[in-house]
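**Student:** My questions will all concern the structure given below.
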Amino acid sequence: MDDEETFMAMSDDEEFPVGGSDDEDFGEDNDDVMVDDDDDDGDDEAMFGVEESGAPTLLVDETQCTFITADELIAQQVHLIKEISSVLQLPHGTARVLLEHFGWSKEQLMERYWTEDHDKLFADARCIQPKDMKDQCDEDMCSICGNDNKEELLQIGCGHGFCHECWVAYLEEKILSQGKQSIECPEYNCNILVDESTVTSLLKGPAHAETLARYYERVADAIVDSKKTMRWCPAPDCKFAVIAPHSKCKMVKCKCGFEFCFQCGQENHTPVLCLMLKAWLKKCADDSETSNWLQAHTKPCPKCASVIEKNGGCNHMSCRKCKHEFCWICLGDWEPHGSSWFNCTRFNDSETAVVREKVDASRSLLKRYLFYFDRFKNHQSSRQFEEKLVKAVDWKMKQMQKQGWGWVEVQFLIQAVATLQQARRVLQYTYVFAYYLKKTPQCLIFEENQADLQMQTERLSEYLEQRAAKMDDLHNLKQQVMNLRAYCEHRLQKLVEHVEEGYKVGFWEYDEKIAEEMVGQVDEFNESLEL
Amino acid sequence: MATKRRLKTEHAQFKKTPPEGVTLLTDDPTSTRWIVQIAGAPNTVYAGETFQLQLSFSDKYPFSPPEVIFLDNPPQHPHVYKNGHICLSILYQEWSPALTASSVCVSILSMLSSVSKKEWPIDNDSYMARWRISRHGPQKTLWDFHDDTV
């Protein structure tokens with residue numbers, strides 16, 4: 001009876017562990033995790049890899065990623081700096097700036113260091129060659145505040161001296177207000193970078209501890225951003241960055257248990273592709289103030305899809321992330337605009353008319369949208385409710401162990417919950433897929449698969465929720481749960497395989513609004529298989 | 001206070017040796033809002049015209065840039081919006097604390113001098129429409145700059 005009460009107390013508790021973090025402890029098998037990891041286009045060469053594995057290529061391989069925290073990242077970086085500094089006989093600060101310039105790649109730095117002209121190399125990296133470093137200030141006065149106490153002036157090799165107070169105020173402004181880690185000399189038109197050790201020594205003491213911590217956060221962010229195979233886990237409070245085996249990696253599972261798409265940073269969204277999901281989420285948020293604002297004021301960078309905000313200024317945009325230059329008005333490359341920057345000739349009334357037409361059309365499609373949205377949301381909220389099952393099932397497993405069952409023998413329950421959560425998640429995203437799909441015979445097959453999976457999922461859910469806790473015939477329970485789980489997994493596999501095949505063979509036809517973009521993304525997705 | 005000290009020094013310097021075509025109209029050396037008159041340079045499309053700039057200094061000055069806008073009738077220029085906001089990199093991202101109010105005014109004057117045709121920015125209307133709602137100062141705008149020659 002005590003146990004029964006514990007169970008009740010637990011069910012009432014709202015602080016349930018997030019699904020996924022628990023099941024990791026139970027060593028669930030790889031089949032439990034769906035991923036768009038790889039897919040293929042029609043060419044036979046690439047098909048080979050798929051057929052060989054047998055299972056859908058949309059699976060997360062949990063062994064493929066490694067994980068790192070910000071502190072470890074910084075420690076690693078210190079190690080690298082020391083190495084470079086001793087090999088190239090450079091001061092630490094210089095070694096650091098050079099390394100950062102070459103994206104923290106030792107190999108690249110070494111190669112370029114020995115083959116390139118040093119004047120150019122150092123100038124490009126925005127640092128001063130040791131031989132050119134000035135050992136005193138050009139002027140006897142701080143050019144920020146006019147302080148003429150020579151003793152207090154400090155320069156970083158370029159000769160531009162500023163007093164300690166002004167340096168600190170400058171760094172605080174850059175780090176706290178502007179969130180920068182790459183900080184230039186305060187002098188106008190001097191692009192020499194302030195190295196990490198200078199920042200650390202200037203921001204000594206408890207008064208600046210917060211600023212310095214912020215600085216190191218930025219430093220870690222910059223390292224992760226510079227690596228195409230690294231990405232912060234988007235789960236709240238997760239401190240890990242995921243290191244993927246290659247940059248085209250799709251779905252990954254973080255050490256914290258959270259599964260997410262390595263490309264777009266959203267949670268695992270199998271079977272849809274990022275672009276569809278992005279379009280969908282944008283649509284979903286349409287009614288909110290934020291999304292209205294986003295639509296009005298931001299556009300995705302045409303190259304890297306980073307969201308770019310502009311609320312004024314000139315139309316020549318350069319993406320801060322990938323440095324791509326484009327025209328805000330037509331989103332085309334900047335290049336052809338040449339010197340006629342003030343007038344984008346590629347923008348005309350007929351195009352704006354088309355945009356307006358599209359808007360009107362989407363209104364009339366509202367009803368259709370709501371049908372899919374409703375189901376999407378429904379599965380999403382079911383997923384939230386079913387997180388409670390983890391606790392309930394945990395209780396049941398303990399019960400069973402008390403009755404003489406082995407730990408291994410009771411794992412079927414938590415595995416069934418994991419399958420249920422996964423099936424729900426996939427179902428949820430199938431509505432996004434369906435929304436953008438044109439009605440073709442293949443689409444009907446997909447809808448049947450979807451209905452089958454839905455039915456199996458509901459059966460599994462119902463059984464686990466309503467019956468599992470009460471069932472006394474444990475052998476029968478195990479049999480039932482394992483069967484239901486197997487059906488569910490089977491349906492899930494079928495559905496994902498079918499979607500995947502469609503990407504490969506190209507039998508999906510998409511809604512006009514998204515079709516053109518989808519072609520590109522499907523190609524890209526298929527290419528990633530070859531890696 | 002570093003800001004006050006620096007503004008006082010700058011004010012004295014500005015009054016004593018104003019750059020050509022630039023006059024500081026504010027007499028109070030303790031003011032954090034200066035009005036500066038600039039005269040269109042001869043042989044440019046703005047020759048003979050004068051404009052007024054307002055420079056507002058926050059207590060973070062000179063570590064953050066002054067807010068600089070044209071008052072009343074701003075010059076018709078592809079980098080100046082009708083509300084007086086100016087698209088000039090040194091007023092925002094490219095600001096350096098080693099720059100001064102006087103050097104900013106010189107830059108603005110040379111920006112005016114470098115065009116051969118009076119035009120409003122291409123996105124003036126949309127910028128103004130948004131500004132009428134938000135009433136944000138120019139520093140709230142995320143500017144993108146492209147042309148170092150203007």
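**Student:** Of the residues A:HIS246, A:HIS269, which is modelled with pLDDT under 90 and closer than 24 Å to A:GLY520 by Cβ?
**Tutor:** Criteria check complete, one pass: A:HIS246.
**Student:** Cβ-Cβ distance below 7 Å, separation of 6 or more or different chains: which pairs start in the stretch A:388-408 with a residue that is closer than 17 Å to A:GLU465 by Cα and end on one that is open to solvent by 50 Å² or more (accessible area, probe 1.4 Å)?
**Tutor:** Qualifying pairs under 7 Å: A:LEU389/A:GLU465; A:LYS391/A:MET10; A:TRP395/A:THR6; A:TRP395/A:MET10.
**Student:** Please enumerate the residues belonging to the stretch A:392-439 that are open to solvent by 20 Å² or more (accessible area, probe 1.4 Å), among the small types (Gly, Ala, Ser) and under 30 Å from A:ILE514 (Cβ atoms).
**Tutor:** Within the stretch A:392-439, no residue meets the criteria.
**Student:** For the stretch A:420-531, please list each of the helices (runs of 4 or more DSSP H) lying entirely inside it that holds at least 2 residues being on the phi > 0 side of the Ramachandran plot.
**Tutor:** none
**Student:** Would you pick out the residues in the stretch A:211-229 that are crowded, with 18+ Cβ neighbours inside 10 Å and under 18 Å from A:LYS250 (Cβ atoms)?
**Tutor:** none
**Student:** Only residues that are open to solvent by less than 10 Å² (accessible area, probe 1.4 Å) and either touching a Pro at 6+ places or on another chain (Cβ under 8 Å) or of a type outside the set (Val, Ile, Thr) (or both): list them for the stretch A:263-281, please.
**Tutor:** Selection gives A:ASN268, A:HIS269, A:PRO271, A:LEU273, A:MET276, A:LEU277, A:TRP280.
**Student:** Sticking with this one: Are there any pairs with C-beta distances below 9 angstrom linking a residue in the stretch A:148-171 that is assigned by TED's automatic domain parsing to the domain that holds A:THR198 to a residue that is hydroxyl-bearing (Ser, Thr, Tyr) and not in a helix (DSSP H, G or I), with the two at least 6 apart or on different chains, and if so which?
**Tutor:** A:HIS160/A:SER143; A:GLY161/A:SER143; A:PHE162/A:SER143; A:CYS166/A:SER143
**Student:** Can you name the residue in the stretch A:484-496 that is of a type outside the set (Phe, Trp, Tyr) and open to solvent by 60 Å² or more (accessible area, probe 1.4 Å) and is also farthest from A:PRO271 (Cα to Cα) among such residues?
**Tutor:** Filtering first and then ranking leaves A:HIS490.
**Student:** Can you confirm whether A:HIS208 is open to solvent by 20 Å² or more (accessible area, probe 1.4 Å) and part of a helix (DSSP H, G or I)?
**Tutor:** Details: open to solvent by 20 Å² or more (accessible area, probe 1.4 Å): yes; part of a helix (DSSP H, G or I): yes.
Against the criterion (open to solvent by 20 Å² or more (accessible area, probe 1.4 Å) and part of a helix (DSSP H, G or I)), A:HIS208 qualifies.
**Student:** From the list A:ASP138, A:ASP117, pick out the single residue that is within 14 Å of another protein chain (Cβ to nearest Cβ) and over 30 Å from A:GLU210 (Cα atoms). Full working, then the answer.
**Tutor:** Values: A:ASP117 fails: within 14 Å of another protein chain (Cβ to nearest Cβ).
None of the other options fit; the residue is A:ASP138.
**Student:** Restricting to the stretch A:238-252, name every residue that is surrounded by fewer than 23 Cβ atoms within 10 Å (Cβ to Cβ) and basic (Lys, Arg).
**Tutor:** Listed by number, the residues that qualify are A:LYS239, A:LYS248.
**Student:** When you scan the stretch A:120-132, do you find a residue that is among the hydrophobic types (A, V, I, L, M, F, W, C), buried (at least 20 other Cβ atoms within 10 Å of the Cβ) and in a helix (DSSP H, G or I), even just one?
**Tutor:** Within the stretch A:120-132 (the criterion being among the hydrophobic types (A, V, I, L, M, F, W, C), buried (at least 20 other Cβ atoms within 10 Å of the Cβ) and in a helix (DSSP H, G or I)), the answer is yes, since at least one residue qualifies.
**Student:** If you go through the stretch B:81-98 one residue at a time, do you hit one that is small (Gly, Ala, Ser) and more than 9 Å from chain A (Cβ to nearest Cβ)?
**Tutor:** Taking every residue of the stretch B:81-98 in turn, at least one turns out to be small (Gly, Ala, Ser) and more than 9 Å from chain A (Cβ to nearest Cβ).
**Student:** Among the residues of the stretch B:55-75, which ones are over 14 Å from the mean Cα position of the chain (by Cα) and more than 8 Å from chain A (Cβ to nearest Cβ)?
**Tutor:** B:SER58, B:ASP59, B:TYR61
**Student:** Give me the residue from the stretch A:96-111 that is free of Cβ contacts under 8 Å to residues at least 60 places away in the same chain and surrounded by fewer than 17 Cβ atoms within 10 Å (Cβ to Cβ) and, out of that set, nearest to A:ILE223 (Cα to Cα). Spell out the reasoning first.
**Tutor:** Taking the stretch A:96-111 first, the residues free of Cβ contacts under 8 Å to residues at least 60 places away in the same chain are A:98-99, A:101-102, A:105-111.
Subset that is surrounded by fewer than 17 Cβ atoms within 10 Å (Cβ to Cβ): A:105-108, A:110-111.
On the way: A:SER105: 11, A:LYS106: 13, A:GLU107: 16, A:GLN108: 15, A:MET110: 19, A:GLU111: 20 Å.
The residue in question is A:SER105.
**Student:** Filter the stretch B:99-113 down to the residues that are away from chain A (no Cβ under 13 Å) and open to solvent by 40 Å² or more (accessible area, probe 1.4 Å) and list them by number.
**Tutor:** B:SER110, B:SER113
**Student:** Mind listing just one residue for me: the one in the stretch B:26-69 that is of a type in the set (Val, Ile, Thr) and part of a strand (DSSP E or B) and, of those, most open to solvent (accessible area, probe 1.4 Å)?
**Tutor:** B:THR50
**Student:** Kindly indicate whether A:ASP148 is part of a loop (DSSP other than H, G, I, E, B), open to solvent by 60 Å² or more (accessible area, probe 1.4 Å), under 27 Å from B:ASP59 (Cβ atoms) and among the acidic types (Asp, Glu).
**Tutor:** For A:ASP148, the condition - part of a loop (DSSP other than H, G, I, E, B), open to solvent by 60 Å² or more (accessible area, probe 1.4 Å), under 27 Å from B:ASP59 (Cβ atoms) and among the acidic types (Asp, Glu) - is met.
**Student:** Out of the stretch A:151-194, which residues are outside any helix (DSSP H, G or I), surrounded by 17 or more Cβ atoms within 10 Å (Cβ to Cβ), within 9 Å of chain B (Cβ to nearest Cβ) and within 35 Å of the chain's Cα centre (by Cα)?
**Tutor:** A:GLU184, A:CYS185, A:PRO186
**Student:** Of the residues B:LEU99, B:LEU88, B:LEU25, B:LEU71, only one is among the aliphatic types (A, V, I, L, M) and in contact (Cβ under 8 Å) with a residue 40 or more places away in the chain; which?
**Tutor:** Only one candidate passes the filter, namely B:LEU88.
**Student:** So, in the stretch B:70-85, exactly how many residues are under 18 Å from B:ARG130 (Cα atoms) and open to solvent by 20 Å² or more (accessible area, probe 1.4 Å)?
**Tutor:** 2
The values are calculated or read from the model by the stated rules, or taken from the named source; none is laboratory data. If you're wondering where the values come from, they're calculated on a predicted model, not measured in any experiment. All Cβ positions, glycine included, derive from the backbone under ideal geometry; neighbour counts span all protein chains shown. Ligands, DNA and RNA are stripped out before the accessible areas are found, and what is left, the full protein with its side chains, is counted by its heavy atoms. Shrake-Rupley method; radii C 1.70, N 1.55, O 1.52, S 1.80 Å.
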